[in-house]
Amino acid sequence: MKNVLILHGINYYNAGDHGIVLAMLKALRKKFSDVSITVASPFRRNNQIEEVYVAKVRANDEIAYPDEVSDLYQLPVGKKARLVVIAYGLKAVAFCMSLTVLPFALRKRFARTTDLGSAVLDADVVLSKGGGFLLDRGTTYSVPIHLITIWIAIILRKKTVIYAQSIGPFESGFGRMVAGFVLRRVSLVLARDEYSYEYSTEVLGIDPSKVKLTADAAFALATYQGGATAASAKQAEGCASESPARACITLVSPRFAGLAGEEAESQYCRVIAKVAEQISEQGLDVMFIPHLESGKFSDRILANRIVGFCSPEAATKMRILEPTSPIDIINLMTESAIAICSRMHSMIFSIDARLPFVALSYLPKSDSMLHEADLDDWRVSLPEIATGDVEAAVADVTGKFEAILADLPQSRAKVAAAQELLAKRSDSNLTHLSNLIGS
């Protein structure tokens, strides 16, 4: 029996994060028949409060979700959230520092006083879940708290793997110093894009022999009920020539691109509204697919604002989807003609579905993925949309949209080639992990 601990939880409020964990579960269970998986979750308290929502967005019965234990910190809820964040941060730092200075025998005994410490000690390998959180944008004191739990696994002498993550940029010198100190001591770094590979080796100074170029774990989702499997079946049946009359749009607040002002968000919404109106004028229905459900930053709030900018006639052809599972999102994309994707994992889900898309990119992680997949010509800069000339931005997005539609068979072939390339690279995550466990 192999005991695997996945750090950083299952965020049911973020479809991309949720999809990463589903893909990891699928891949691990396929590779290791005797695997036992536990997830250390900072969302456990909130998930218990929001049981109805969690049940709604969980995937179908095909997927058995793992046991979860509480992380050192929990996602704060309620009016005193800021104070809770500070309290959890102090607790995590104090626990980490205490473990670091104790002799190993006492360190193990002290670790057993927490659910996280016990889960780490019981694991054969600890996986720092894939995602884009190993950077300092939006963090407290320029250090992601995720580095603390990674460090705890290291000092408890466990094989620790950075599993299909984007790494960097760390814009502050202090953040780079801490990240380099911790990540140079992990067992293996599986970088999901070329930018992260180069940043790890050249900026953070990680031994290149420990860094492997792979791809996001979520590319493994293509072989669930929908995705590439369903898309290939439709093509084999000759259905691909009959284009579905629907376009999918995914959204993101420009604040996640470092543009926190109301003006940037308002302009982004106006641009997408004009684009959506033009799409509806071409006879396509528009479906907004939310990926993030997080209070005032929820994608559905943005979608409602965008629909409000549209004419009543155009708005009748638009639908805002309720939050749902990543598998359902991929299946919906499989049944669509084209997409406009603002989030990296909406781009990945679109690739899983072999659905051509215009990419509104705003971070190195998505820029790098698009370049590696030979999809650069589908890219538009989201920061330029939010801060540049409105009419120019609309023309840029609609120009790429129409170019993709003009030669849809070629566009589908292009995204299918990207899916095959990145799914193969995603499979290599398990190859490298297997070699580590075997060693």
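Based on the Cβ-Cβ distance of residue 56 and residue 184, what FRET efficiency does E = 1/(1 + (r/R0)^6) give at R0 = 35 Å, to the nearest 0.05? Efficiency at R0 = 35 Å is approximately 0.25. Taking θ as phi - 60° and the Karplus parameters 6.51, -1.76 and 1.60, the scalar couplings of segment 348-355 work out to 5, 4, 5, 5, 4, 7, 6, 10 Hz in sequence order, x denoting glycine and proline. Using a probe of 1.4 Å, the accessible surface attributed to residue 52 totals some 120 Å² when neighbouring protein chains are kept in position. In whole percent, what relative contact order does segment 297-404 give with Cα contacts below 8 Å and a gap of six or more residues? Reported as a whole number, the value is 18 percent.
For residue 340, nonlocal amide neighbours, meaning residues 5 or more places apart or on other chains whose placed amide H falls under 5 Å from its own, are 248, 249, 250, 358.
Helix 146-155 and the longest principal axis of the C-alpha atoms of the chain enclose an angle of approximately 30°. Ordered by 1.4 Å accessible area with all protein chains kept, 382, 405 run largest first as 405, 382.
Rounded to the nearest 10 degrees, the inclination of helix 390-406 to the longest alpha-carbon principal axis of the chain is 80 degrees.
Averaging sequence separations of C-alpha pairs under 8 Å and six or more residues apart, then dividing by the length of the chain, give the relative contact order as a whole percent.
So the answer I get is 16 percent.
The label point for residue 171 and the one for residue 436, both projected 7 Å from the Cα toward the Cβ, are 3.0 nm apart. Computed with a 1.4 Å probe over protein heavy atoms only, the accessible surface of the chain comes to 41 Å² per residue. All distinct Cα pairs of the chain go into the 1/r average, and the inverse of that average, the Kirkwood radius, is 22.4 Å.
Normalised Debye scattering of segment 308-439 at q = 0.10, 0.12, 0.17, 0.21 Å⁻¹ gives log10 I(q)/I(0) of -0.39, -0.55, -1.01, -1.37, counting only Cα atoms as equal scatterers and leaving out solvent. Taking packing as the residue-averaged number of other Cβ atoms within 10 angstrom, the listed peptides 288-301, 102-115 run from highest to lowest as 288-301, 102-115. With both labels modelled 7 Å from their Cα along Cα-to-Cβ, the residue 3 to residue 413 distance reads 5.3 nm. Seen from residue 113, the other residues with C-beta closer than 14 Å to its C-beta sum to a net charge of +4, counting Lys and Arg as +1 and Asp and Glu as -1.
Residues in segment 185-202 carry Karplus couplings, in order, of 9, 6, 6, 7, 10, 9, 8, 8, 8, 5, 4, 5, 4, 5, 5, 4, 7, 8 Hz; the curve used is 6.51 cos²θ - 1.76 cosθ + 1.60 with θ = phi - 60°, and Gly or Pro positions show x. The slack between residue 102 and residue 390, meaning 0.36 nm per residue of separation minus the straight C-alpha distance, is 97.9 nm. In this structure, the residue pairs whose Cα-Cα separation is over 24 Å, taken from 31/424; 56/414; 26/400, are 56/414; 26/400. A 1.4 Å probe over all protein chains sorts 201, 387, 100 by accessible area into 387, 100, 201, starting with the largest.
Principal-axis analysis of the Cα atoms of the chain puts helix 15-31 at an angle of about 60° to the longest axis. Across all Cα pairs in segment 279-375, the calculated P(r) in 10 Å bins from zero up to the longest distance comes to 15, 44, 35, 6, 0 percent per bin.
The values are calculated or read from the model by the stated rules, or taken from the named source; none is laboratory data. The structure displayed is predicted, hence computed values, not measured ones. Neighbour counts are summed over all protein chains in view; Cβ atoms, including those assigned to glycine, are modelled from backbone coordinates with ideal geometry. Surface areas here come from the heavy atoms of the whole protein model, side chains and all, with no ligands, DNA or RNA. Shrake-Rupley method; radii C 1.70, N 1.55, O 1.52, S 1.80 Å.
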